[in-house]
Amino acid sequence: AEASKILYKLFNGIIPPERTYSNNFKDVSSKAQFSEEIKWAYESKIFDGDSNGNFNPNQTLTRAQMAKVLVNAFLLDTKGTASFKDVPKNHWASEYINILGAEGISVGSNGNFMPEQKVTLNQLSTFIERIISKYSPQQPEVTTPVTGGNPLVAQPEEKKLELKTMDEVLALGIAMYESSEFDPEMIEVLTKENVYDTLRKFSGS
C-alpha cells in the first residue's frame, strides 16, 4: 500500500490508466487507507494482486515484486541479459528481474538477486533514484502531464516547501535530480540513521 502511495504521488497524471478498477481486490474497501492510490496502481497496470484476488496492502514488498512494480511503472525494457544464480528462468518475475539486472539498476550480491528478500522504503527509494538518474537525461523537460510514453519527465520545482513525510522528501529529491539547476553529484539525502555521523564529520568532532 505504501509503495502505491509513493508511486501515486510521483506519477499520478503522468502514467495514463490502461484498465478500469471494479472492486478487483477483496481485501481493499473503498474506505481503506490508500484505497485511491491502490485503485490508481491497478488501473496503471503497476499492481495486479495475487491469484486469490487480494492486494495484501499490509504485506512487505519482496525484491521480486519490486522488480515488477518498477518495470511496469517506468516502462523499462532491455536487450541485454542478466544472470542471477538464484533466479531460474521459470521464476514468475525472471523477466522483470532480468531487466533490472541488464540495465544496471540492480547488481545483486555475490551473483544473487535475493528475490524473496523484503524491501525497505529506503531501498525502494534508491532503486527509483537509480532509474531516474539513468534515464531522465534522455527525456524532454516538461511541466505538464503527458498522456503516454515513458513517464520519466522533469517535475516543476517548488522553491519553498515544508516536508512532513518520507514520500514528500522522495518526490522533492527526484525533482532536484531532474532539474538543470542542480548537479546530482552535489545532492545528498540524509536519514535519521546517518545524520548525526554526517554532522560530526562536518564539525570535525
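The values are calculated or read from the model by the stated rules, or taken from the named source; none is laboratory data. This one's a predicted model, so the numbers in the text were calculated from it and none came from an experiment. For neighbour counting, all protein chains shown are included, and Cβ atoms are generated from backbone atoms with ideal geometry for every residue, glycine included. Accessible surface is based on the protein model in full, side chains and every heavy atom, while ligands, DNA and RNA are left aside. Shrake-Rupley method; radii C 1.70, N 1.55, O 1.52, S 1.80 Å.
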ask   = Of LYS26/LYS134; LYS45/LYS85; LYS89/LYS134; LYS39/LYS134; LYS9/LYS89; LYS31/LYS79, which pairs sit farther than 32 Å apart, going by alpha carbon to alpha carbon?
value = LYS26/LYS134; LYS9/LYS89; LYS31/LYS79
key: Accessible area in square angstrom per residue, the range 80-123, 1.4 angstrom probe   = 59 Å²
remark   = Between the modelled labels at THR126 and ASN112 (7 Å from Cα along Cα→Cβ) the distance in nm is 1.6 nm
remark   = Env charge @ LYS31, Cβ radius under 15 Å, K,R +1 / D,E -1, value -1
